[in-house]
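What follows is a single structure, written as structure tokens, with notes after it.
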Number of protein chains: 4
Amino acid sequence: MTRIGVAMLGYRFMGNAHSRALGAVRQLGAALEPDLVSISGRKPEALEEARARLGWAEATTDWREQVADERVGLFVNGGPNALHAEPTIAAVRAGKHVLCEKPLALSADEALAMWRAAGDAVVHATGFNYRFVPAVRLARELVRTGELGEIVHFRARYLQSWGWDAVPADWHFDPSIAGTGALGDLGAHSIDLARYLVGEIEAVSATVRTFVPGRAVDDAFVATVEFENGATGTLEASRLARGRINHNAFELNGTKGSVAFDQERMNELQIADRGAFRTVLAHGDWWPPGHIIGWGDTFTYEYLHLLQAIAGDGTIAPEGATFEDGYRCALVCDAILRSSQSKRTEAVKQ
Amino acid sequence: MTRIGVAMLGYRFMGNAHSRALGAVRQLGAALEPDLVSISGRKPEALEEARARLGWAEATTDWREQVADERVGLFVNGGPNALHAEPTIAAVRAGKHVLCEKPLALSADEALAMWRAAGDAVVHATGFNYRFVPAVRLARELVRTGELGEIVHFRARYLQSWGWDAVPADWHFDPSIAGTGALGDLGAHSIDLARYLVGEIEAVSATVRTFVPGRAVDDAFVATVEFENGATGTLEASRLARGRINHNAFELNGTKGSVAFDQERMNELQIADRGAFRTVLAHGDWWPPGHIIGWGDTFTYEYLHLLQAIAGDGTIAPEGATFEDGYRCALVCDAILRSSQSKRTEAVKQ
Amino acid sequence: MTRIGVAMLGYRFMGNAHSRALGAVRQLGAALEPDLVSISGRKPEALEEARARLGWAEATTDWREQVADERVGLFVNGGPNALHAEPTIAAVRAGKHVLCEKPLALSADEALAMWRAAGDAVVHATGFNYRFVPAVRLARELVRTGELGEIVHFRARYLQSWGWDAVPADWHFDPSIAGTGALGDLGAHSIDLARYLVGEIEAVSATVRTFVPGRAVDDAFVATVEFENGATGTLEASRLARGRINHNAFELNGTKGSVAFDQERMNELQIADRGAFRTVLAHGDWWPPGHIIGWGDTFTYEYLHLLQAIAGDGTIAPEGATFEDGYRCALVCDAILRSSQSKRTEAVKQ
Amino acid sequence: MTRIGVAMLGYRFMGNAHSRALGAVRQLGAALEPDLVSISGRKPEALEEARARLGWAEATTDWREQVADERVGLFVNGGPNALHAEPTIAAVRAGKHVLCEKPLALSADEALAMWRAAGDAVVHATGFNYRFVPAVRLARELVRTGELGEIVHFRARYLQSWGWDAVPADWHFDPSIAGTGALGDLGAHSIDLARYLVGEIEAVSATVRTFVPGRAVDDAFVATVEFENGATGTLEASRLARGRINHNAFELNGTKGSVAFDQERMNELQIADRGAFRTVLAHGDWWPPGHIIGWGDTFTYEYLHLLQAIAGDGTIAPEGATFEDGYRCALVCDAILRSSQSKRTEAVKQ
């Protein structure tokens, strides 16, 4: 099997998730076999612990070394949001394929620069891993094949509750690192699913809010959206919804049928035709039906697609998210922020 | 037991629901015992069938006779929306207590006229029966006693699917009779629950839409709302959500806890404190715990409160909805319609 | 409409449930209109309160007066179990139609005597009200029409938790009044549903247990059952299942499909064909789809059928339970008790 | 990190599951790092494909080579049931630690021989992976710490539906390879969970049944059980339950509380104290709360414990299942088979 050298920036939550997936793809027949060349981060000791545990050959505190490393074919950017643009642009300019975590950038302008830098020369992917949930993929198929008819409504909510008890020092609350709060962290996933399942969003009307005193990023937002194809929808995210742990949920209503999804029951897709909802256990190719997969497995599917794209077609689209998708998601985020200021419906302009 | 004469306008869906409840209140120890004096409607034959079946002493095609009837102490208006204002105003002027179905009127102006006519002279109620669901009442208690803390989010959706297959002749689609579509029929319930549980709505941003060609009223709307107390929320209603039958659902998140409700599982309230949601079977005083009540029973509770108000305090507030509540709900409906036109956030002005 | 005089023994829980239903049937087009002639019980004061509240014309502490009353066409026995046989037999001998609560008797022998006394002369019904839940009726239809194929498994559990905290004086714990505990109170319902949906039970193997010290009746039982048609099953009831309020649930698997039911979500039937379960909201004729009915409404349906039987065919079978059904259920209860003693599989013998 | 050589018999379903877990343990800080020395099976071509894909260094068609291999410290037996005893006994005699899949053997006698062969010299484990589900572990903790009080009931059902449509050639239906059908394949898991959570089973009464014509193993069984500590229970397994995919579910009721679990929603534990059930998302140490794990991850936890046992205490008990647990489970299976023949309650004798 042909091999590909991989370098990764980031060694915490996303570092764990990506490393695990890179180790698991071989078993599922990946098109390329990853060599874990190097991992980078800023704190040498913690980095070395992670390197050894996660199975990377080398560690470095300078991502520029990774970008310049000839052994590296794929650069994975799992660092904090503010560290997405510069290393990613350097990597694509050095001819590396790149998978960058979401939100792709701190603004649509920055995301656009990343997309332009990548161009057609390399395979580029934005880490919208929920696209790779089998139940979400099934929803997509039902839309694509017309089984749900024309879509009229989409509603999504991504609710967590840890925001009440979080420590102020958490980087998620530092706008210089995170950009936005619930919007970019959670809402970006919902926006990407909206685009993936329904189509482009034309206009938004939104309120973005910070409830916790002293917090510099948003805790929550609510939005109504209009899609280019005429569907209407609601989007909402919050880190302040008691009882909700990782409630990334959506429902989509078409002229012929509906689907509903909740990440906390990630293996299930609720599907209705003209009658009642049924609970379908969507599954991948791994285990027999009914043997559920986990959140971490979505990254494995993501890499299966990405490595196939690198070995083959040259793009992770349409099933995976490219930098263009990261950019178009950022355009919606920006419009949401503008609308919250202007108190008007805002077009999602390029 | 003291008795009270009742006259009702309307003999179909709402006629059934109200008649059944008027027959059931005695068993639960109502403060007054209703005498079913007369029922009115426009089609004599169907009216007579209903009269006999529902147990009313007399039938008339002229509601004015009912309003003038000295035997009548309570006038129930279960007619179509366009027939709410005139008979109701006539009844309160004649000194009758009135329970009028929702939406109270075709516009906030009309609702205001009804409220003003009623004044303090009679007991007036708007038929927001979901306030009388034990699980909703429990939610209200958790808010009132502070167990949920300060409310930060409220989200409600009222989804049905019959709009796809409905016959065009249905009066619900005739704006001269119904006023609006999903907004007044379904959204009004969500708006009332929002006000009941969270407080006054200050501003809305909404899109109101008709999807089915040739239809003269709205099929659906989406809205974001801002409450006077600082909470944000989303409201949505649709008659075009395949798989949803009568999905009148809401969730409320506070600083200390959350609750969630769905009318299709009307006996359950999902309650979270700082931990997980638990499924509480809220029940009334009728049966032992776990023996669930039905939708029709909400009307029985409504009459228990109304008859108590008539026999006692003179108002169904704060637990029941008065004409003021019907009016304030109409103000929000009007703001939603304005916002959909203006593409701006609209204040809910008196 | 032709009227029928009704007398009832019992004025507490069952008295409430039956009275409410007798008042509600007219609205649904009952074949006969009930006149509430008299109610009986042992404590004059409480009885009079109930009589007035429930709308009965007269009260008496002697059920023999009711049985002898010429105005009475239907005798309802809602008294404690030990008071089922004698008044019921007297009533049927006096030519009254009888609806007797479940369990029909303290033993199969006693039940047989009741059935024999009733013969074909009167309409006789055992109060297995869960047969009248629309979702259960739907399950029955799916069996009857062959949509589920041949039945291979039936499993039922009826779990409550109040047994932990009940006061010892409760008559449910006095074997001279109640007969058995969880077996007759809860298990009888499951046994009747098993017979109604699957067919006759041929043999049982069971353990009947009392856990609470000093209690003279069973708290719980577990059983495996074999049906005449070859299906196997499990039955279980307990008053000691923390967290369970009135969890009367069953699942039935056939060669072509399955159904599952839980009384706490009484309006829903889970239906699977060869694929996934879907959640169907079964409903009656009362309200539009999705407007759920309550536990009390099952009694209304029961009376609709019973009054139709009295006015017409002369039997509540096959949809309603006759005294034969009460007797056959008692045979299974007796076999369960025998098996728990013998530690053997016991045939359900007549 | 110290390393340990691993050899595995079996390369299909269980081969996939074990290989994946062996690759994933390092990231979670395993006590030993596995070297994948060799994999064995009977069909050279398919074996080689699996070897390469699953990352094993060598492949062999003779498990005796593996047992004799000095590089091997841990022998994993993931072969068909009839191939459990001989290779496992050979391996433990050769001083290898062994993890053998369930059911441990074709009979209790065979299982006893395996346990005796293993003795205290090596670490031995039976592959009851559901013990390592975080929600099951949480249930165990609630029992162990007394939060549920004394256990009075345990009910388990393991339902699948693939038995209707399976090809006759499937080895699961060959008694010379599989031993029993649903009993050993599914029921063994439920029996182990019963023992793990409640304690030893003293007696059983059961019916074991084959429904599909021509099938040589059981399709289903039902059983009542009595525990040494006085609790009663029901056990049931079927491959013929339409709509059920991998419904491995149990409920446990104690004097103070209850828990309920379903593998299809494997991350959730329903927990009740004296009030209502709440849905707790139990999670491991991998991801933040709410990011669910999958069925495959249970094997990773299994290896984490096993490698810790090898590096440390010398036994996977009490949290993991030893050969003694495999044996005691087989004793219950044997008693179930005896009871189905004798139509009597059978003691679970050693």
- Message: Please determine whether any residue of segment D:66-78 is under 21 Å from the mean Cα position of the chain (by Cα), open to solvent by 10 Å² or more (accessible area, probe 1.4 Å) and modelled with pLDDT of 95 or more.
- Response: yes
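If I ask for residues that are hydrophobic (A, V, I, L, M, F, W, C) and either out of contact with any strand residue (DSSP E or B) (no Cβ under 9 Å at 6 or more places or on another chain) or in a strand (DSSP E or B) (or both), which ones from segment B:1-20 would you list?
At the first step, the residues of segment B:1-20 found to be hydrophobic (A, V, I, L, M, F, W, C) are B:1, B:4, B:6-9, B:13-14, B:17.
Matches in segment B:1-20: B:I4, B:V6, B:A7, B:M8, B:L9, B:F13, B:A17.
Taking strands (runs of 3 or more DSSP E) that do not extend beyond segment C:150-237, which have at least 1 residues that are β-branched (V, I, T) and open to solvent by 10 Å² or more (accessible area, probe 1.4 Å)? Please lay out each step first, then the result.
On the way: elements: C:151-159, C:201-209, C:220-227.
The qualifying strands (runs of 3 or more DSSP E) are C:151-159, C:201-209.
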- Note on the structure: A careful count of residues in segment C:262-305 that are out of contact with any helix residue (DSSP H, G or I) (no Cβ under 6 Å at 6 or more places or on another chain), of a type in the set (F, W, Y) and closer than 25 Å to C:C100 by Cα gives 1
- Does D:A94 meet the test of being open to solvent by 30 Å² or more (accessible area, probe 1.4 Å) and over 21 Å from D:F173 (Cβ atoms)? yes
- Taking first residues from segment B:60-74 that are without any contact (Cβ under 8 Å) to a residue 24 or more places away in the chain and second residues anywhere that are among the hydroxyl-bearing types (S, T, Y), the pairs with Cβ under 9 Å that are 6 or more apart or on different chains are B:T60/B:S38; B:T60/B:S40; B:T61/B:S40; B:D62/B:S40
- Message: Can you tell me which condition C:G23 does not meet? The list is (1) buried (at least 24 other Cβ atoms within 10 Å of the Cβ); (2) out of contact with any Phe, Trp or Tyr (no Cβ under 6 Å at 6 or more places or on another chain), and all the others hold.
- Response: (1)
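Look through segment A:142-160, keep the residues that are small (G, A, S) and more than 20 Å from the chain's Cα centre (by Cα), and return whichever of them is nearest to B:S161 (Cα to Cα). It would help to see each step written out before you state the result.
Looking only at segment A:142-160, we keep the residues that are small (G, A, S), and these are A:146, A:149, A:156.
Imposing the further condition that a residue be more than 20 Å from the chain's Cα centre (by Cα) reduces the set to A:146, A:149.
On the way: A:G146: 19, A:G149: 14 Å.
Across segment A:142-160, the extreme among qualifying residues is A:G149.
Filter segment B:272-304 for residues that are under 19 Å from B:R144 (Cα atoms) and at the interface with another protein chain (Cβ under 8 Å from one of its Cβ atoms) and give the result.
Taking segment B:272-304 as the starting set, the residues that turn out to be under 19 Å from B:R144 (Cα atoms) are B:272-274, B:280, B:282-284.
If the condition is that a residue be under 19 Å from B:R144 (Cα atoms) and at the interface with another protein chain (Cβ under 8 Å from one of its Cβ atoms), then B:A272, B:D273, B:R274, B:V280 are the ones that fit.
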- Task: Only one of these is among the charged types (D, E, K, R) and without any contact (Cβ under 8 Å) to a residue 24 or more places away in the chain: D:D165, D:D185, D:D192. Name it.
- Result: D:D165
- Residue within segment A:120-142 that is surrounded by fewer than 24 Cβ atoms within 10 Å (Cβ to Cβ), over 21 Å from A:G254 (Cα atoms) and among the aliphatic types (A, V, I, L, M) present: yes
- Item | In segment D:33-68, the residues that are within 12 Å of chain A (Cβ to nearest Cβ), assigned to a helix (DSSP H, G or I) and within 17 Å of D:G5 (Cβ to Cβ) | D:R51, D:L54
- Message: One residue is enough: does segment C:90-102 have a residue meeting the conditions modelled with pLDDT of 95 or more, out of contact with any Lys or Arg (no Cβ under 9 Å at 6 or more places or on another chain) and within 12 Å of C:G10 (Cα to Cα)?
- Response: yes
- Message: What pairs come out if I take residues in segment D:79-98 that are over 12 Å from D:A7 (Cβ atoms) and pair them with residues that are open to solvent by 40 Å² or more (accessible area, probe 1.4 Å) and among the small types (G, A, S) whose C-beta lies under 8 Å away, six or more apart or interchain?
- Response: D:A82/D:S176; D:A85/D:A113; D:I89/D:A113; D:V92/D:A121; D:G95/D:A121
- Message: Considering only segment C:2-12, I want to know if a residue exists there that is crowded, with 22+ Cβ neighbours inside 10 Å and within 12 Å of chain B (Cβ to nearest Cβ).
- Response: yes
- Query: Is it true that C:A241 is open to solvent by less than 30 Å² (accessible area, probe 1.4 Å), within 14 Å of chain D (Cβ to nearest Cβ), free of Cβ contacts under 8 Å to residues at least 40 places away in the same chain and not charged (D, E, K, R)?
  - Reply: no
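From the list D:Y327, D:Y303, which one is under 30 Å from A:F13 (Cα atoms), in contact with a strand residue (DSSP E or B) (Cβ under 9 Å, 6 or more places away or on another chain), among the hydroxyl-bearing types (S, T, Y) and in contact (Cβ under 8 Å) with a residue 24 or more places away in the chain? Before you say what the answer is, go through the steps one by one.
Numbers: D:Y327 fails: under 30 Å from A:F13 (Cα atoms).
Among D:Y327, D:Y303, only D:Y303 is under 30 Å from A:F13 (Cα atoms), in contact with a strand residue (DSSP E or B) (Cβ under 9 Å, 6 or more places away or on another chain), among the hydroxyl-bearing types (S, T, Y) and in contact (Cβ under 8 Å) with a residue 24 or more places away in the chain.
The values are calculated or read from the model by the stated rules, or taken from the named source; none is laboratory data. Just so we're clear, the structure is a prediction, and the values are computed from it rather than from any experiment. FYI the Cβ positions are ideal-geometry reconstructions off the backbone, even for glycines, and counts take in every protein chain you see. Surface areas here come from the heavy atoms of the whole protein model, side chains and all, with no ligands, DNA or RNA. Shrake-Rupley method; radii C 1.70, N 1.55, O 1.52, S 1.80 Å.
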